[in-house]
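To keep things clear, I will list the structure first and then write my remarks on it.
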Amino acid sequence: MASIPPPTAHSTDDTDETAAPPARTSPLRLARHGATFLGVSVVSGALLAGIALPAAGALGLTAMDTAEGFDNIPNDFKTPPLTQATQIFDAKGALIAKVYERDRTVLAADQMSPYMRKAQVDIEDARFYEHGAIDLKGILRALGKNAESGTASQGASTLTQQYVKNVNVEKAGDDPEAVREAQRKTLGRKIQELKVAIKLEEELSKEQILTNYLNITFYGNGAYGVEAASQRYFSKSNKDLTVAEAATLAGLVQNPTAYDPKQHPQAAQTRRNVVIDKMLEAGHITADQAKEAKEAPLGLQYKAPQNGCITANAGMGFFCDYVRQVVKQDPVFGKTAAERKAFWDQGGLNIHTTLDPDKQSAAQNAVTGNVRVTDPVSAAATMMEPGTGKILAMAQTRPYGVEREKNQTMVNLNVDKAMGGGNGFQPGSTFKPIVAAAALEAGLPATQEYSSPNRLEYPTMKTCEGTWKNDARPKTVVPNESANEKGPYQLKKAMALSVNTYFVQMEQEIGLCAVKQMANKLGINAKASGKPLEEVPAMALGVEELSPLTMADVYATFAARGKYCAPIAINRITTVDGKDVPVPAGHCQQAFSDSTAQAINTILNGVTAENGTGSALNLEGDRQIAGKTGTSDHKKAAWFSGYTPQLATAVWLGGPDGGVEMRNITINGKRRTEVFGADGPGPIWRDAMNQALRGAPKQPLPMAFIPDPAPPKPEPGNPTETATAPPATTPPGQQR
């Protein structure tokens, strides 16, 4: 958040009884000071008499546009659009974080403490209800007092004039130079403020002006308005303040730094007692109330400012930042980037999100319980609800923050670069089910068989706009993971063993365009970096960098019978006064048929079966699951993406910048020769899913019957060959 200079301390017409005794001064200085105040008095009199008198020109003020627009003051002065705090809540209504440009909650008059309203008037402008916008009696009194003391400790600004000045500061926003200009003490600016104050007194009641003033004024320690101040210093609502507490806050306005009750408790208490005396003098409290209030301790219950996603609990900072990105980028919140930024900066919103705190806890525990913050690699996990697009959890090992020495990061590794993430990571073989879905939709059977040799030169393939040819010399070759991995294989077995050459041959038959189009239907329209997808044969092997959120959404589509739903982070937004704000609508479409979805479920369920690469990842209670392991080139990224009917989760493990080879590496105190999808991110996925689904009903996946291939007939004269031939499975430790 930008740093906004707070308003400077101001001097009003109350007597500062806590100030030091004035020094003696010369008659010449007294005369000069008196002349200054006399000039202000003359100008004030001219304003009261009608503003546009020739005398103003004689004072050299015409260049300041003092008369222009006087008859029609902007509505901003009557009902200024005050910046307020925005609160972000999880799906169960608990606060994730409060974010703001200025910490403020606007109250109506009846929501404020009557003691607060009386105290502020009594100390700031005791004759507020008797005079107009300008208090000539106050000017004359201040002139006399200051002439006696030889100082300018007595001001003559009315509460209305101070309100106008605060509006100008508020309108300056987060531009430091504009704020300084709004606070500049020039005669022209003073006249401008006086004129607006006069017009306001004609159009608003005194009670309205006071309410606006109490909502806009700065009370120190980042608190703007009486509600934020009450919460900051006493951890309670303004309507619940005692006489003593209200007096403490009212006394702050003249100089929030000097009377800061946290830093200068004695000065604050002395100032508070001055306010209490003023309230008694005005007849707003009894002598007994005044005595009790002055004898009371300050009684601070200070609550330090908590601003921004960095204050979010339980690892929710990254999701909080994602919500901020949604508001700043979705056209529903404004047609232009500037409009959306203004909407966010204005604040005053209650944003109710999709984040499930129980599932967030499950994901966070899993990524931090399996990977240490100090490890050379990190882990990230996204959970989604199939069939709705709702993001239920977003966790990563390294905490949200700016202190790199503490391994903190502001990069959300779960999302694309445009949404606050990085450039993504190669998903490896977790992309293969997308190829399978494209093939099934193209009419290939679930029993499709290919020769699947151990090594294969990438063949020529059709693209959406032409042909891809293997023109490299020597030709580029794709190998399978292990030497004994060779076909023929059918789809179910090829997926269980993650046979590379099988899926390249499938890709050749259906064409690269069909794979790209299926990826588009599943929400993959570009790489995580924003660069376009490349139609190359290695696409089937997951070489295009994607984010965990993208892959979680793909697998949620498999779980939802082929219904793809774009990610949703926000359920509802209301303003502080309860009005609904339009939010991004859910967008779902059928990406592929139910029959294809059932086949994919069956095929991916086989990955976790006895001979599959994810066979060690079964969940508690024998829940039916489907999923896929994935490992990128050089072991720089490892994945497991999987689902039940209720929940889809994608887990990534690797170097945050994509540059760590996970060979001979120590993760969570354990030395590993190599890391694969099944033994790196797989246990994270299992731990997260077990905790997240504990107590939830078991639901079966809709499955299809896919017959296993008939065993090969023995060759004549060699009847035992099938019994003695080595199985076409991955050797121990060679998981993918």
If we ask which residues in the range 390-427 are buried (at least 24 other Cβ atoms within 10 Å of the Cβ) and touching a Pro at 6+ places or on another chain (Cβ under 6 Å), their number turns out to be 2
Per the list (1) open to solvent by less than 50 Å² (accessible area, probe 1.4 Å); (2) farther than 22 Å from Ala436 by Cα; (3) not hydrophobic (A, V, I, L, M, F, W, C), residue check on Pro697 breaks on (1)
From the option list Gly659, Gly642, single residue qualifying as touching a Lys or Arg at 6+ places or on another chain (Cβ under 9 Å) and in contact (Cβ under 8 Å) with a residue 60 or more places away in the chain is Gly642
Q: Looking only at the range 334-342, decide whether some residue is in contact with a helix residue (DSSP H, G or I) (Cβ under 6 Å, 6 or more places away or on another chain), free of Cβ contacts under 8 Å to residues at least 40 places away in the same chain and closer than 19 Å to Val415 by Cβ.
A: yes
Only unsatisfied item for Asn664, checking (1) in contact (Cβ under 8 Å) with a residue 60 or more places away in the chain; (2) open to solvent by 50 Å² or more (accessible area, probe 1.4 Å); (3) not small (Gly, Ala, Ser), is (1)
(message) Looking at the range 630-646, can you tell me whether even one residue there is in contact with a Ser or Thr (Cβ under 6 Å, 6 or more places away or on another chain), among the aliphatic types (A, V, I, L, M) and not in a loop (DSSP other than H, G, I, E, B)?
(response) yes
Over the range 452-483, the set of residues polar (S, T, N, Q) and either surrounded by 13 or more Cβ atoms within 10 Å (Cβ to Cβ) or within 20 Å of Pro707 (Cβ to Cβ) (or both) is Ser452, Asn454, Thr463, Asn470, Thr476, Asn480, Ser482
Only one of (1) in a loop (DSSP other than H, G, I, E, B); (2) more than 26 Å from Ala126 (Cα to Cα); (3) modelled with pLDDT of 95 or more does not apply to Asp260, and that is (2)
In the set Leu604, Leu617, the lone residue that is touching a residue at least 12 places away in the same chain (Cβ under 8 Å) and part of a loop (DSSP other than H, G, I, E, B) is Leu617
Quick count over the range 303-321, residues being modelled with pLDDT of 95 or more and either open to solvent by 20 Å² or more (accessible area, probe 1.4 Å) or not in a helix (DSSP H, G or I) (or both), is 1
Contact list, first residue from the range 400-411 and closer than 17 Å to Val367 by Cα, second anywhere and surrounded by 14 or more Cβ atoms within 10 Å (Cβ to Cβ) and of a type in the set (Lys, Arg), beta-carbon distance below 8 Å, six or more apart or interchain, is Asn407/Arg398; Gln408/Arg398; Thr409/Arg398
Given the conditions (1) within 30 Å of Phe89 (Cβ to Cβ); (2) assigned to a helix (DSSP H, G or I); (3) open to solvent by less than 50 Å² (accessible area, probe 1.4 Å), every one holds for Thr368 apart from (3)
Of the residues in the range 98-112 that are at pLDDT below 95 and not in a loop (DSSP other than H, G, I, E, B), the one that is nearest to Thr211 (Cα to Cα) is Asp103
Quiz item: If you go through the range 638-648 one residue at a time, do you hit one that is over 28 Å from the mean Cα position of the chain (by Cα) and surrounded by fewer than 19 Cβ atoms within 10 Å (Cβ to Cβ)?
Solution: no
The correct count of residues that are surrounded by fewer than 19 Cβ atoms within 10 Å (Cβ to Cβ) and more than 16 Å from the chain's Cα centre (by Cα) in the range 560-593 is 17
Phe218 meets each of (1) more than 30 Å from the chain's Cα centre (by Cα); (2) open to solvent by 10 Å² or more (accessible area, probe 1.4 Å); (3) aromatic (Phe, Trp, Tyr) with one exception, condition (1)
Of (1) part of a strand (DSSP E or B); (2) more than 30 Å from Asn484 (Cβ to Cβ), Ala418 satisfies every one except (1)
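Being modelled with pLDDT of 95 or more, in contact with a helix residue (DSSP H, G or I) (Cβ under 9 Å, 6 or more places away or on another chain) and either open to solvent by 30 Å² or more (accessible area, probe 1.4 Å) or under 24 Å from Asn454 (Cα atoms) (or both) is true for just one of Arg686, Arg671, Arg623. Which residue is that?
Working: Arg671 fails: in contact with a helix residue (DSSP H, G or I) (Cβ under 9 Å, 6 or more places away or on another chain); Arg623 fails: modelled with pLDDT of 95 or more.
Exactly one residue qualifies, and that residue is Arg686.
Of Glu534, Glu545, which residue is open to solvent by 30 Å² or more (accessible area, probe 1.4 Å) and farther than 26 Å from Ile391 by Cβ? Full working, then the answer.
On the way: Glu545 fails: farther than 26 Å from Ile391 by Cβ.
The conditions single out Glu534.
Of the residues that sit in the range 426-485 and are part of a strand (DSSP E or B) and among the aliphatic types (A, V, I, L, M), which one is farthest from Gly654 (Cα to Cα)?
Once the filter is applied, the top-ranked residue is Met461.
The values are calculated or read from the model by the stated rules, or taken from the named source; none is laboratory data. None of the values given here were measured: they were computed from a predicted structure. Neighbour counts are summed over all protein chains in view; Cβ atoms, including those assigned to glycine, are modelled from backbone coordinates with ideal geometry. Areas reflect the complete protein model, heavy atoms only, side chains present, ligands, DNA and RNA absent. Shrake-Rupley method; radii C 1.70, N 1.55, O 1.52, S 1.80 Å.
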